[in-house]
Amino acid sequence: MTKPLRVVDLTNGWAGPLSTCLLGDFGAEVIKVESPSHMDWWRGAELPGPPDGPKLYEQAPTFNTVNRNKYGIALELTHPRGRALFRELIRISDVLIANYPLRSLRKLGIDYQALSAVNPQLVMVTLPAFGNNGPDSEYVGFGCTTEAMAGITGVSGYEDGQPQMLSNAIGDPGTALNTCFAALVGLFEQERRGKGVSIDLSHVEGLLPMNAEALLDYTINGRVQGQRGNRHPTMAPHGCYPCKGDDEWVVIAVASDTQWEKFCQVLGNPAWAGNQKFATAAGRKTVEDELDRSIAAWTKEHEHYEVMELLQQAGIAAGAVLSGPEILSDAHLAAREFLLAIDKAEAGTHLYPGFVPRFHPSAGQVRLPAPCFGEHHDYVFGTLLGLPAEEIEILTKERIISTVPIFPTLTR
Amino acid sequence: MQQALSSIHVLDLSHYIAGPYCTKLLADYGAVVLKVERPVSGDGARTLPPFFGDRPGLERSGLFCFLNTNKQSVTLNLKHDRGREVVLRLAAQADVLVENFRPGVMERLGLSPGNLEKANPRLVTVSIANFGASGPYRDHKLTDSVAYALGGWTYPMGELDRPPVQPGGAFGQYVAGLYGAIGALQAVRHRNATGEGQTVDVSIQEALIATTLYDFVAFSYAGFVRKRSGRQFHLAYPNLVTLPCADGYVGLHAGLPTHIRALLELAERPDLAADPRFNTVTELAACARELHGALLPWLQKRGKWEVYHAAQVRGIPVSPIPSPQEVVEWPHLKERQAFVEIEHPEGGRVKIPGPPFRENGKPLWPLRRAPLLGEHSEEILCGRLGYTKTDVQQMRDEGVL
């Protein structure tokens, strides 16, 4: 890119920071704004230890994953001087992403109306959980809340059980992708009309498409889907089966009767599989428990990767159920060099998700690890905003900016 | 109507879900999307449920209807020489080409990166594939269940004494589509600035892995392997959990100690709210059962929407775990017009989720219904490429269209 995009990131947690991380991965200059009295809560919900102890807030894997390629500042927006500096930053930036409702920003005097007076070209995306208007718009939510409100939790869980919370919230990363896309659409709109735009992004609404099949089944046919577990409405066998190792599993999905024949061949055409009731998908669906028990007896003799390869070679979809350490050692991901080792001060070198998507010829780059708290005041206030060093020192003394989190109330 | 992406022309060779969702996102914000479908049978998504009135048919898939709003459809046989000629001429006019064939198919169709670059050096090509364009699993088959398993989503989910359970929905496909749409716009911006075209590769497996972070990153930090913890989000966060109430389940998402305290006060347990054990994240993990036990009697006397509103007005993140029906009928989404109705010749008025975001204070724009198979073939071939009606008839006779 000729002139890099400058993005101000006034977000915390997962959704907002991952959206700006995606912009940073592909060349944008992202400035993450924390506050001296409110660090990004993803640095750790617990209070930091004693001042001379290890800086736990620099060691949170969650925070460090989604904040690479950003400069970090800690600026007190409740102070008039802090707000004035924030407006100066907006003057020289292209995009502001804020995971606060517009009404909260208005109280601080940094809503779109105020900021567009400073920078009429500004593209601003606000992402309150439930959107900027509507009866429940004051309500709050984490990823677990927003994915539930999109109906995803309601269709998750065992087929004989209860709704099951997802173990990695899709609500947050799903919203991150919608937000990143929204910022890019906003930039095209800004170019088209020659002035900025303010976008309302509700986490919940952006997640509805991810549950489209169940929602459409209701709007079109009035059918209310529930939990399906590992089963599929038409495919059988379709499940998660135990393997040789401890807590080791493989998923198998047989999509047609032809695939079923191949499946039986891989198993060595055992006698039980010859039963006529297994010949058609409809027949197999009626005796699924029995079918699953027989298959489990076979998978139990093999490792999960072995089952996956045997079946995939026969043209049947199967996949090892990968744990965290297995993702770190997976042969395919290693061959594609997906994971990235990044060294961050106070945290050391760890592995993180790589770039999605992959661009050729201009590939993504890690230019910066996640910032330490208030790490880049000299660059942002000095180089970008032109403040002399003495003034940065005064701002620090007056706690308008800070390189350590200040906890005004040490109670919870 | 001019919209944000009206200047972008997309040639959409994709099918099923991930690719079409990518181009739907572009189309719903104004991009001119031309969908190329196989003659006779069309995009495989036309065979995916739910169907209007539960009756399958090429123009009866509700899912296809949702995934293809604002697009035009041309049928083309890409294995036929004239089909290839037409598609290369369309590629020459496009800014973005999106495809999600199996790796190697584009080359076999004569649409290798080299040929496409020759046709249009400024073209951005977005490829979405199960496992990406390289590596040992390149040609492996993928279903939603396989994507979740190899994408790291399934292992930590479910009860410890039962098999892991995959999440509901098919969000792997949608997440990959979103990454594709983001990549397309990033690459077009780059192209507009430099004149240089680009290829953009999305692996569905990598897209899913990049949306997790409590497992392999945590292991890289602390050697910690997270085990399944039932209806709790994570063993370390027992305050994120689904619990039964009078008419179903509620989701507690009390992520911060302040939320727990407010929740215990709401559930008429001020004694526990004052107990320091319930006020720190680390100690809370040890007394999870006690916390849930303290909340259950209160929850069992109340409906899920009552609990949701009572908690939320106190700033506690709680959800009523709505069913699909309850999502569609939720007054908040109704007032925000989150769902839109589209008139379809076979489906009547079809209600679908609207675009994921909009400009503050502006009404929703109208969406055009998904195209019928080959609905715009003649219009595009004659209008955009200058073929005559006789040419088109000849191509139809030869099975090109």
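General remarks:
- Lone qualifier among A:Ala84, A:Ala74 - being in contact with a Pro (Cβ under 7 Å, 6 or more places away or on another chain) and away from chain B (no Cβ under 13 Å): A:Ala74
- Meets criteria (over 26 Å from B:Pro324 (Cα atoms) and in the same structural domain as B:Leu116 (by TED's automatic domain parsing)) for B:Ala222: no
- Contact annotation: residue pairs with Cβ atoms under 8 Å, 6 or more positions apart or on different chains, pairing a residue in the stretch B:2-15 that is more than 7 Å from every other protein chain (Cβ to nearest Cβ) with a partner that is modelled with pLDDT under 95, are B:Gln3/B:Trp365.
- Any chance A:Arg106 is over 19 Å from A:Thr179 (Cα atoms) and surrounded by fewer than 16 Cβ atoms within 10 Å (Cβ to Cβ): yes
- Complete set of residues in the stretch A:64-117 that are out of contact with any strand residue (DSSP E or B) (no Cβ under 7 Å at 6 or more places or on another chain), over 24 Å from A:Phe130 (Cβ atoms) and among the charged types (D, E, K, R): A:Arg81, A:Arg83, A:Arg87, A:Glu88, A:Arg91
- Unmet requirement for B:His140, which otherwise passes all of (1) within 7 Å of chain A (Cβ to nearest Cβ); (2) within 23 Å of B:Ala45 (Cβ to Cβ); (3) surrounded by fewer than 22 Cβ atoms within 10 Å (Cβ to Cβ): (3)
- Residues considered: A:Asp172, A:Asp160. Of these, the only one that is touching a helix residue (DSSP H, G or I) at 6+ places or on another chain (Cβ under 7 Å), more than 7 Å from chain B (Cβ to nearest Cβ) and touching a residue at least 60 places away in the same chain (Cβ under 8 Å) is A:Asp172.
- Any chance B:Cys22 is closer than 24 Å to B:Ala187 by Cβ, within 12 Å of chain A (Cβ to nearest Cβ), under 17 Å from the mean Cα position of the chain (by Cα) and of a type in the set (A, V, I, L, M, F, W, C): yes
- Members of the stretch A:342-364 that are closer than 24 Å to A:Cys180 by Cα and under 19 Å from the mean Cα position of the chain (by Cα): A:Ile342, A:Leu351, A:Tyr352, A:Pro353, A:Gly354, A:Phe355, A:Val356, A:Pro357, A:Arg358, A:Gly364
- For the stretch B:261-303, taking the residues that are out of contact with any helix residue (DSSP H, G or I) (no Cβ under 9 Å at 6 or more places or on another chain) and charged (D, E, K, R), the one that is modelled with the lowest pLDDT is identified as B:Arg289.
- Qualifying residue in the stretch B:61-71 (condition: among the aliphatic types (A, V, I, L, M) and part of a loop (DSSP other than H, G, I, E, B)): no
- Single residue of the stretch A:312-330 satisfying the filter (small (Gly, Ala, Ser) and at negative phi) that is surrounded by the fewest Cβ atoms within 10 Å (Cβ to Cβ): A:Ser329
- Of the residues in the stretch B:92-103, at least one is surrounded by fewer than 18 Cβ atoms within 10 Å (Cβ to Cβ), within 24 Å of B:Leu381 (Cα to Cα), in the same structural domain as B:Gly30 (by TED's automatic domain parsing) and of a type in the set (A, V, I, L, M, F, W, C).
Let's see how each residue does on (1) out of contact with any strand residue (DSSP E or B) (no Cβ under 7 Å at 6 or more places or on another chain); (2) surrounded by 17 or more Cβ atoms within 10 Å (Cβ to Cβ):
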position: B:Cys65; (1), (2): no, yes
position: B:Leu76; (1), (2): no, yes
position: B:His80; (1), (2): yes, no
position: B:Leu90; (1), (2): no, yes
position: B:Val105; (1), (2): yes, no
position: B:Leu109; (1), (2): yes, yes
position: B:Pro121; (1), (2): yes, no
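- Selection count where residues are without any contact (Cβ under 8 Å) to a residue 40 or more places away in the chain, surrounded by fewer than 18 Cβ atoms within 10 Å (Cβ to Cβ) and of a type outside the set (D, E, K, R), scope the stretch A:331-350: 7
- Failed item, numbered, when B:Tyr308 is tested on (1) among the aromatic types (Phe, Trp, Tyr); (2) surrounded by fewer than 18 Cβ atoms within 10 Å (Cβ to Cβ); (3) part of a helix (DSSP H, G or I): (2)
- Residue check for B:Asn115: buried (at least 20 other Cβ atoms within 10 Å of the Cβ) and either under 30 Å from B:His344 (Cα atoms) or assigned by TED's automatic domain parsing to the domain that holds B:Cys382 (or both): no
- Set B:Pro113, B:Pro164: member being under 29 Å from B:Val241 (Cα atoms) and touching a residue at least 60 places away in the same chain (Cβ under 8 Å): B:Pro164
- Filtering the stretch A:199-227 to residues that are more than 16 Å from A:Tyr139 (Cβ to Cβ), more than 7 Å from every other protein chain (Cβ to nearest Cβ) and surrounded by 23 or more Cβ atoms within 10 Å (Cβ to Cβ) leaves nothing.
- Qualifying position, being closer than 20 Å to A:Phe359 by Cα and within 7 Å of chain A (Cβ to nearest Cβ), among B:Gly104, B:Gly114, B:Gly135: B:Gly135
- Failed criterion for A:Lys195 (all others in (1) part of a loop (DSSP other than H, G, I, E, B); (2) more than 30 Å from A:Leu291 (Cα to Cα); (3) within 24 Å of the chain's Cα centre (by Cα) hold): (3)
- Residue check for B:Ala262: among the small types (Gly, Ala, Ser), surrounded by 21 or more Cβ atoms within 10 Å (Cβ to Cβ) and more than 26 Å from the chain's Cα centre (by Cα): no
- Of all residues in the stretch A:13-27, one or more are outside any helix (DSSP H, G or I) and at pLDDT 95 or above.
The values are calculated or read from the model by the stated rules, or taken from the named source; none is laboratory data. Just so it is clear, the model here is predicted, and its values are computed rather than measured. Heads up, the Cβs are rebuilt from the backbone with ideal geometry, glycines too, and the neighbour counts pull from every protein chain shown.
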